[in-house]
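Have a look at the structure below before the remarks.
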Amino acid sequence: MATVLCWLGNITLKDRWQTALSEHRFVDGGGRAAVMQAPPSILIIEANVTLLKKLSTDPDWQPILRRHRVLWADPAPTDESGLNALQAGCVGYCHLYCHPEQLRQIIAVLAAGELWVGRDLMLRLLSAVQKQLPTVNTEAMAELTEREQSVAKLVVEGLANKEIAERLAITVRTVKAHLTTIFEKLGVRDRLQLVARLRQ
């Protein structure tokens, strides 16, 4: 069970999210002082350009990003805003009005120590990593079985699990199992870290 802090202006949305996250300890974050005193948690913040600037540049605000795993919830998400949130130190980026089921999934991913961003933004990030790190790390690849190497190479190309499954004629569940093993073997937490590791 994760502790979820909520820093939103919309009371109706807080009530909706509290209901959606009933299996977690859900706390109204209040202001900056209350958030700083709260134990390390997943902190959902309603997107605000001024606040993001404070979080990323103001020394008085930066401890929030070190203390909590911040989910930046945007009422009008764009790839650019998502990149800005990640660069500021947030570990998740989603639509402010996402479906409760998706919110539960996001919280589960963040509680597991991983990142959450939309597919388009993830592909953009993977592409940027590929351009900056053009060579394949043969030592890392050597730690994987032949099938795991096939899966890893397709992740590096930016394919989603379903696309990998279709390409290799296996199930999505099998792809996920291979990725879990690959992550463990290479000591990475998510696809972005995997691409960086394989492109070192």
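Using only the Cα atoms of region 3-117, build the gyration tensor, take square roots of its eigenvalues as a ≥ b ≥ c, and label the shape rounded, prolate or oblate: rounded if a/c is under 1.5, else prolate if a/b is larger than b/c, else oblate.
Note, shape of region 3-117 comes out rounded.
What label, among (1) 10.3; (2) 11.8; (3) 10.9, belongs to mean projected area of the Cα convex hull in nm² computed from the structure on display?
(2)
Nearest 20 debye, what's the magnitude of the dipole of the chain about its Cα centre given +1 on Lys and Arg Cβ and -1 on Asp and Glu Cβ?
It works out to roughly 160 debye.
Show the residues, 5+ positions off or on another chain, whose built amide H is closer than 5 Å to the amide H of Asn137.
Arg199, Gln200
Give me the one-decimal nm value for the distance between modelled label points at Ala33 and Glu139, 7 Å along each residue's Cα-to-Cβ direction.
5.1
Sort Leu192, Leu71 so the one with the fewest other Cβ atoms within 10 Å of its own Cβ comes first.
Neighbour counts put them in this order, fewest first: Leu192, Leu71.
By the scheme Lys and Arg +1, Asp and Glu -1, what is the net charge of all other residues having a beta-carbon under 15 Å from that of Trp61?
So the environment of Trp61 carries a net charge of +3.
What size of dipole, in debye to the nearest 20, comes out for region 3-117 about its Cα centre when the only charges are +1 on Lys and Arg C-beta atoms and -1 on Asp and Glu C-beta atoms?
320
Can you tell me which lysines have their Cα less than 26 Å from the Cα of Lys162? Leave out same-chain residues fewer than eight positions away.
Straight-line reach from Lys162, under 26 Å: Lys131, Lys153, Lys176, Lys185.
Where is the GNM fluctuation largest for the chain (alpha-carbon springs, 10 angstrom cutoff): Pro59, Pro77, Pro100?
The residue with the greatest mean-square fluctuation here is Pro59.
Bear in mind these aren't lab numbers, they're just calculated from the coordinates by the rules spelled out. Remember, predicted model here, so these are calculated numbers, not experimental data. All Cβ positions, even for glycine, are placed from backbone atoms using ideal geometry, and neighbour counts span all protein chains on display.
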